[in-house]
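The values are calculated or read from the model by the stated rules, or taken from the named source; none is laboratory data. It should be emphasised that the depicted structure is a prediction, and the values quoted were computed from it without experimental measurement. For neighbour counting, all protein chains shown are included, and Cβ atoms are generated from backbone atoms with ideal geometry for every residue, glycine included.
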Amino acid sequence: MTEAARIERKPDPKRRAYWLKTLHQWHWISSAVCLVALVLFSVTGFTLNHARQIEGKPAVSTREGQLPAEWLARLSGHADKDTAPLPAAVRDWLARELDVEVGERAAEWSDGEAYVSMPRPGGDAWLSIDLDSGKVQYEKTDRGWISYFNDLHKGRNAGTLWSWFIDLFALASLVFALTGLFLLWLHGRQRPLTWPIVAFGLLLPLLIALLFIH
């Protein structure tokens with residue numbers, strides 16, 4: 001090989017320095033964005049994997065009330081609908097008298113009853129209004145903080161904004177992983193164990209899945 005060919009094949013120090021600086025910048029920015037969420041999802045991954053051993057005892061609370069006749073009359077026009085939110089006046093009465101926030105959730109209207117399901121992370125709730133008598137029943141189930149964070153991990157009943165956050169977190173984690181991979185590639189020559197360890201990280205879950213999961 002001629003000297004000119006050796007010079008052409010020799011890495012450009014300035015180009016390497018540029019990529020190192022750029023990758024380090026994206027690596028620390030993405031790690032800062034997803035650091036707290038990564039801890040949360042790692043811990044809840046463990047709690048979900050051991051859900052049977054650390055399952056909490058649900059706490060159930062109930063409330064009852066009597067909807068005034070003037071508000072009950074406002075529900076009569078909704079009885080022929082399959083799903084529609086409760087009237088605003090009725091929602092205000094529920095919040096004031098029973099401390100129940102129904103919001104814009106759709107109620108299920110059937111013969112003689114309006115039923116509102118209110119699932120949430122770490123628990124569940126429902127509200128029932130008898131359209132004949134005006135009797136209101138509310139039940140809330142709280143499964144504790146572990147269940148709450150487990151449901152956040154799964155995006156269960158957490159709303160659209162949390163779903164967007166999970167997408168952002170997934171993107172930041174992907175950037176963090178890929179920039180880390182390229183940094184390993186740039187530093188691999190000085191660290192001989194780099195690629196054997198990366199290969200081990202790939203093969204271990206693959207072998208477990210192929211050999212032990214049926």
Q) Here are some conditions: (1) assigned by TED's automatic domain parsing to the domain that holds Ser31; (2) in a strand (DSSP E or B); (3) of a type outside the set (Asp, Glu). Leu202 meets all but one. Which one does it not meet? A) (2)
Q: Being under 18 Å from Leu23 (Cβ atoms), of a type in the set (A, V, I, L, M) and free of Cβ contacts under 8 Å to residues at least 60 places away in the same chain is the filter here, so list the residues in the range 153-208 that pass it.
A: Leu171, Leu174, Ala177, Leu178, Leu181, Leu184, Val198
Q: Hey, can you tell me all the residues within the range 121-130 that are more than 20 Å from the chain's Cα centre (by Cα) and crowded, with 19+ Cβ neighbours inside 10 Å?
A: Leu127, Ile129
Q) With (1) farther than 30 Å from Ala170 by Cβ; (2) in a helix (DSSP H, G or I); (3) under 31 Å from the mean Cα position of the chain (by Cα); (4) not acidic (Asp, Glu) as the list, and Val60 as the residue in question, which single condition is left unmet? A) (2)
(Q) When you check Arg96 against the structure, is it of a type outside the set (A, V, I, L, M, F, W, C), modelled with pLDDT of 90 or more and loosely packed, with under 13 Cβ neighbours inside 10 Å, yes or no? (A) yes
Q.
Condition first: without any contact (Cβ under 8 Å) to a residue 24 or more places away in the chain, surrounded by 14 or more Cβ atoms within 10 Å (Cβ to Cβ) and either touching a helix residue (DSSP H, G or I) at 6+ places or on another chain (Cβ under 7 Å) or assigned to a helix (DSSP H, G or I) (or both). Can you find one or more residues in the range 133-152 that meet it?
A. no
